[in-house]
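The values are calculated or read from the model by the stated rules, or taken from the named source; none is laboratory data. All of these numbers come straight from a predicted model, not from anything done at the bench. Don't worry about glycine lacking a Cβ; one is built from the backbone with ideal geometry, like all the others, and counts go over all protein chains shown.
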Amino acid sequence: MNYLQHRISSGVIAVIAVWVCWISYTQKPAEAFLFPRVIATIFMTLAIWTFIKALLGRTKTGNGLSLQAAKNMAPGIVIAGIYIFWAAKALGFYVSGTIAFFMLLSFYDPASNNEPKTWIKRVIITVGFITIMYALFALVLQVYTPRGMFI
Amino acid sequence: MKKILAALAVSLMGLTGTAYAGNYPERPILMMVSYGAGGATDFQARIVTMTAGNEDALGMPIAIINKPGAGGRVGWNWFSGEADKDGYTLAAYNVPHFIAQSIKGGVDYSTDSFEPIANWGADPAVFIVGKDSEFNSMADVVAFAKANPGKLTFSGAGLFVGHHIAALQIEQAAGVKMAYIPTKGGGAAAMKAVIAGDVLGGVNNLSDAFRAAAAGNIKILGIADLERSTFLPDVPTMKEQGLDVDNASVNFRGIMVPKGTPQDVIDKLAATVPEMFKNKRVAKRMKAGGSPMHIMTRDEVKAMWAARQATLEELLKGL
Amino acid sequence: MEFIYYFGEVFTPVSMLLLIGGTIGGLILGATPGLSPTMAVALLIPFTFHLTAVHGLILLGAAYTSTVAGGAVSAILLKIPGAPANIATTLDGHTMAQKGDGAKALQLSFISSLIGGVFGVILLIFLTPVLAQWALAFGPSHLFWLAILGVTVIGSLDSNSVVKGLLSGCIGMWLATIGFDDMLGVKRFVFHPSLGGGVNIIPALIGLFAIPQVITMFAKGRFDTSVEQIKVKKHPIGAAIKEVLSRKIALVVGTITGSIIGLIPGVGGQIAGLVAYDQARKFSPERAKFGTGHSEGIIAAEAANNAMVGPSLVPLLTLSIPGSPTAAVLLGGLLIHGIFPGTDLFENHPDVVWPFINSMLIGQVLMCIFGIYIASFAARVSQVPQSVMAATVLGLAVFGSYAVQQSMGDVYVMAVLGCMMYFLERFGFTAAPLVLGLILGPIAESNFVQGSMIANAQNGAFTYFFTGGLNMLLIAVAVVSIAYSAWSELSTREDA
């Protein structure tokens, strides 16, 4: 149990809660913010309570985050972030999906990178995935996804 | 065959100086409906666009997507700001809803943000009460409202939509104060409130009220339109009952594109879409569903929008 | 007993073909993240243009029942609930699948879906007129108290910490207020244009459940050898049937809760699964096992969400009031063929309505057979290597959340919420109460606003919200529920 992390995280939540509460009570028209006010007040009370409990070191649940885990997830999150927030729209869903899928797969696949067989397998899985996505969403459901430069 | 025709069209267009619309549309078209799947607008939009893929119409199917929320504001805000202006993204409009909302403010659109293509339907608002209600005419309603100011609760599908406009007009014409209760979830929720007796009366779509009355769940007391409806020949208009209510609340539904769409695409759509609405299969389905059709061309819609803008500005001035 | 005469209509070759097609298609669509039953049925409407009324409705009825059950497949195997109805299924179903018992989890879910579903349809067949009156009894004040009752469930959904459960619920309710206020049309908390449409429930579900999964897999890293491959165990069907039937409490509680909640217009199936799950836990002698891959959790949740299908159509068929979004789409399917629902529907169009209802009965059976048939095969999904799984779930999440409204904004919301949820989970928060808050917030708010407007025109808010039998009953149940949560929180504290 990592108490420092718990203190920081519950502190962040408490700050967000106070901020939500402040917005709810200052925005106009007041009628539209009646319900948000009720929610925000309870939200803030509970968040501060949790924060105090964390300060006192009486948090019961949650394991926190290890440094190793953070290091492990960082590349995945970066690739996924670029994919979702930029590439999906700029390159089109299918192109960006293929690239992101292949990169994530290659990065997190524990098989040896020196064997050609590994790479062939990865390519096959990627092509299979994107083919199923295309068949399901473009052909069956006829969803028009952003096309970007390609498809 | 299609390719040859298209090529022919392109060369013809090239002669007249506009090349772009010749190829349009090359792929399926999206149409955004700013109400939930299954609502009256969605239902009608799906019917009137079902023949879009025919060769004599657009030659490409139209797919409906729903972006419901806040009486249509979510969808139209998206449409005015984020939709592609290439003619492949259309939207259904509801007048007076979007005009009233833009006058009220707080949204990113107005009549200047959109270009109308054609109108397919006109659904007047009607005043309804539960089947066991003591009210049998608008006169009864007005008399009760006069005796109990602010106590007559009546439902409608949200604020600054057709139902609300009708409600305001009725209150104004009768000189009474009633309690308009906007419901979330469109006409169906407002109808439920009337049938269940949560409220004393309600304003609703003629098409929905027609069915509910046929099923014996409600009574329809009056139509907020200039003439009686062919669906309900026995129900008098508000005017006939001495309330000076015009057709400002009639829910006109049609197709529009965002401003900035190429003019030749607009012209092509404006020429084709009204013809598409006239398809016999469309008319049959619309009639079966109890949805009144009212086809108008682009120029007629433009005039209608301008007229509504003026009426609604006047009506909403005091609010 | 009139309905029996119309079974003939269902057993014609064309009908059976549509029924089988609708069921299999519905299972696949239901298992696809981002496709809720409402969307699946809406997608099928254009097909019904070309069919006769009877055939069209048989297709829609089969698709409706099977998409609800199909949602359990992705809930169990991928921890992505296909629709709000399947949220509760993830709690025990996915845990069970991770232990290698995916086949068992799927079998249990399909069998309890069948039992719950058939019960619901039987209610629809025999008790429609009575139930219609029931459905109408819920006015704004009652729906408000019902939402509050749902909130009290939030506290006990998180078995570890009531405070964190409630805090998650509050975050969910706050998220639900983002976007345009539905009553006044005022923008609230719109910090970015993507939020203009608010937090849409389906993308939110995908983000909150799928993305933390993906990040957890990332966090295990590349060369992690400690992750052993899951051994997928076979599970005999006979044992699954025996298991479901022996868990009588969960089955009965789930079925009844689902039927009652399904009936109430405006609340619908969204919360049936979660409320039934919570109730089943409170009644169960093995309370502590819930959430650890316990079969009662799956049985209660799935029995409930299919039991709600039949009753949810009662207000539609008798009063022409669609009680749920899916019912609204089905209304369109009826209207296109000129069939107007209403009290005389069963007299005027028995030849359409009864085959439609019968098709849902037979559809349930077909759904169960197909479901069990694919269960042992589908369960192998748990064996897919982590790297493939992470990339696949991420891809599905992006495509699925985009498909709901064809909106990039939804994808961004999905990703941000998902990332946030991963960190919240690391610090002891859980997704289920947050989602319940997201669902209940708007119900509570709109009914409160509507109720107080009606109350102001009548005798004031106190009389409107606090008098009348149904109000008192709902308040009493809510109070008992809170007291129970508080009591169990205190008693577990003493144990620790």
Report, by residue number, each residue of region C:440-490 that is outside any helix (DSSP H, G or I) and either basic (Lys, Arg) or away from chain B (no Cβ under 14 Å) (or both). C:Thr467
If we scan region C:259-268, do we find a residue that is more than 19 Å from C:Leu361 (Cα to Cα), in a helix (DSSP H, G or I), within 14 Å of chain B (Cβ to nearest Cβ) and touching a residue at least 40 places away in the same chain (Cβ under 8 Å)? yes
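Go through the residues of region C:135-149 one by one and say whether even a single one is part of a helix (DSSP H, G or I) and touching a Ser or Thr at 6+ places or on another chain (Cβ under 7 Å). Full working, then the answer.
Going through region C:135-149, the residues part of a helix (DSSP H, G or I) turn out to be C:135-136, C:140-149.
Imposing the further condition that a residue be touching a Ser or Thr at 6+ places or on another chain (Cβ under 7 Å) reduces the set to C:149.
Yes, some residue in region C:135-149 is part of a helix (DSSP H, G or I) and touching a Ser or Thr at 6+ places or on another chain (Cβ under 7 Å).
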Scan region C:404-413 residue by residue and report those that are within 9 Å of chain A (Cβ to nearest Cβ) and either buried (at least 24 other Cβ atoms within 10 Å of the Cβ) or over 15 Å from B:Lys67 (Cβ atoms) (or both). C:Val411, C:Tyr412
Quick one: A:Ala17 ticks every box in (1) surrounded by fewer than 16 Cβ atoms within 10 Å (Cβ to Cβ); (2) part of a helix (DSSP H, G or I); (3) within 9 Å of another protein chain (Cβ to nearest Cβ) bar one, so which box is it? (1)
Restricting to region C:347-383, count the residues that are within 14 Å of chain B (Cβ to nearest Cβ), crowded, with 19+ Cβ neighbours inside 10 Å and in a helix (DSSP H, G or I). 2
Scanning region B:153-177 residue by residue, those over 15 Å from B:Pro96 (Cα atoms) and buried (at least 24 other Cβ atoms within 10 Å of the Cβ) turn out to be B:Phe154, B:Ser155, B:Ile170
In region C:197-213, is there at least one residue being modelled with pLDDT under 85 and in a helix (DSSP H, G or I)? yes
Return the only residue of C:Ala42, C:Ala63 being under 21 Å from C:Cys368 (Cα atoms) and surrounded by 24 or more Cβ atoms within 10 Å (Cβ to Cβ). C:Ala63
For B:Met286, state whether it is part of a helix (DSSP H, G or I), at pLDDT below 90 and not aromatic (Phe, Trp, Tyr). yes
For region C:82-93, does any single residue satisfy the condition of being under 17 Å from the mean Cα position of the chain (by Cα) and not in a helix (DSSP H, G or I)? yes
Filter result for C:Thr152 (in contact (Cβ under 8 Å) with a residue 40 or more places away in the chain, facing another protein chain (nearest Cβ under 7 Å) and of a type in the set (Val, Ile, Thr)): no
State the number of residues belonging to region B:155-180 that are at the interface with chain C (Cβ under 10 Å from one of its Cβ atoms), hydrophobic (A, V, I, L, M, F, W, C) and more than 25 Å from B:Phe43 (Cα to Cα). 2
With the structure loaded, tell me whether B:Lys104 is surrounded by fewer than 21 Cβ atoms within 10 Å (Cβ to Cβ), within 19 Å of B:Asn205 (Cα to Cα), within 11 Å of chain C (Cβ to nearest Cβ) and in contact (Cβ under 8 Å) with a residue 60 or more places away in the chain or whether it fails that test. no
Okay, strands (runs of 3 or more DSSP E) sitting entirely in region B:161-239 with 1 or more residues that are closer than 19 Å to B:Ala122 by Cα, I get B:201-205, B:218-223
Picking from A:Leu104, A:Leu65, which residue would you name as being surrounded by 13 or more Cβ atoms within 10 Å (Cβ to Cβ) and either more than 8 Å from chain C (Cβ to nearest Cβ) or not in a helix (DSSP H, G or I) (or both)? A:Leu65
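Give A:Leu4, A:Leu55 a once-over and let me know the one that is over 25 Å from the mean Cα position of the chain (by Cα), farther than 19 Å from C:Phe191 by Cα and modelled with pLDDT under 90.
Going through A:Leu4, A:Leu55 in turn, just one is over 25 Å from the mean Cα position of the chain (by Cα), farther than 19 Å from C:Phe191 by Cα and modelled with pLDDT under 90: A:Leu55.
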State all residues of region C:418-433 that are part of a helix (DSSP H, G or I) and within 12 Å of chain A (Cβ to nearest Cβ); if no residue qualifies, say none. C:Gly418, C:Cys419, C:Met420, C:Tyr422, C:Phe423, C:Leu424, C:Glu425, C:Arg426, C:Pro433
In this structure, is C:Ala276 within 25 Å of C:Gly441 (Cβ to Cβ) and part of a helix (DSSP H, G or I)? yes
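Report whether or not B:Asn251 is in contact with a Gly (Cβ under 8 Å, 6 or more places away or on another chain) and within 24 Å of B:Val48 (Cα to Cα).
Yes, satisfied.
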Name every residue in region B:119-152 that is surrounded by fewer than 23 Cβ atoms within 10 Å (Cβ to Cβ), outside any loop (DSSP other than H, G, I, E, B) and either within 11 Å of chain C (Cβ to nearest Cβ) or among the aromatic types (Phe, Trp, Tyr) (or both), in order of residue number. B:Gly130, B:Phe144
Please work out which one of (1) modelled with pLDDT of 90 or more; (2) surrounded by fewer than 22 Cβ atoms within 10 Å (Cβ to Cβ) is the condition B:Ala213 fails and give its number. (1)
Quick one: C:Thr318 ticks every box in (1) in a helix (DSSP H, G or I); (2) touching a helix residue (DSSP H, G or I) at 6+ places or on another chain (Cβ under 9 Å); (3) more than 14 Å from chain B (Cβ to nearest Cβ) bar one, so which box is it? (3)
Using the structure shown, decide if B:Asp267 is at negative phi, more than 14 Å from every other protein chain (Cβ to nearest Cβ), surrounded by fewer than 24 Cβ atoms within 10 Å (Cβ to Cβ) and out of contact with any helix residue (DSSP H, G or I) (no Cβ under 9 Å at 6 or more places or on another chain). no
Residue list for region C:332-346, restricted to those being farther than 14 Å from C:Leu124 by Cα, at the interface with another protein chain (Cβ under 8 Å from one of its Cβ atoms) and part of a loop (DSSP other than H, G, I, E, B): C:Ile336, C:His337, C:Gly338, C:Phe340, C:Pro341, C:Gly342, C:Asp344
Determine which member of the set C:Gly185, C:Gly117, C:Gly198 is without any contact (Cβ under 8 Å) to a residue 12 or more places away in the chain, farther than 30 Å from C:Thr467 by Cα and touching a Leu at 6+ places or on another chain (Cβ under 9 Å). C:Gly185
So which residues in region A:80-101 are hydrophobic (A, V, I, L, M, F, W, C), buried (at least 21 other Cβ atoms within 10 Å of the Cβ) and assigned to a helix (DSSP H, G or I)? A:Ala80, A:Ile84, A:Ala88, A:Phe93, A:Ala100, A:Phe101
One residue is enough: does region B:189-197 have a residue meeting the conditions under 17 Å from the mean Cα position of the chain (by Cα), within 14 Å of chain C (Cβ to nearest Cβ) and either crowded, with 23+ Cβ neighbours inside 10 Å or free of Cβ contacts under 8 Å to residues at least 24 places away in the same chain (or both)? yes
Suppose we filter region C:9-27 for residues that are surrounded by fewer than 18 Cβ atoms within 10 Å (Cβ to Cβ) and assigned to a helix (DSSP H, G or I); how many remain? 6
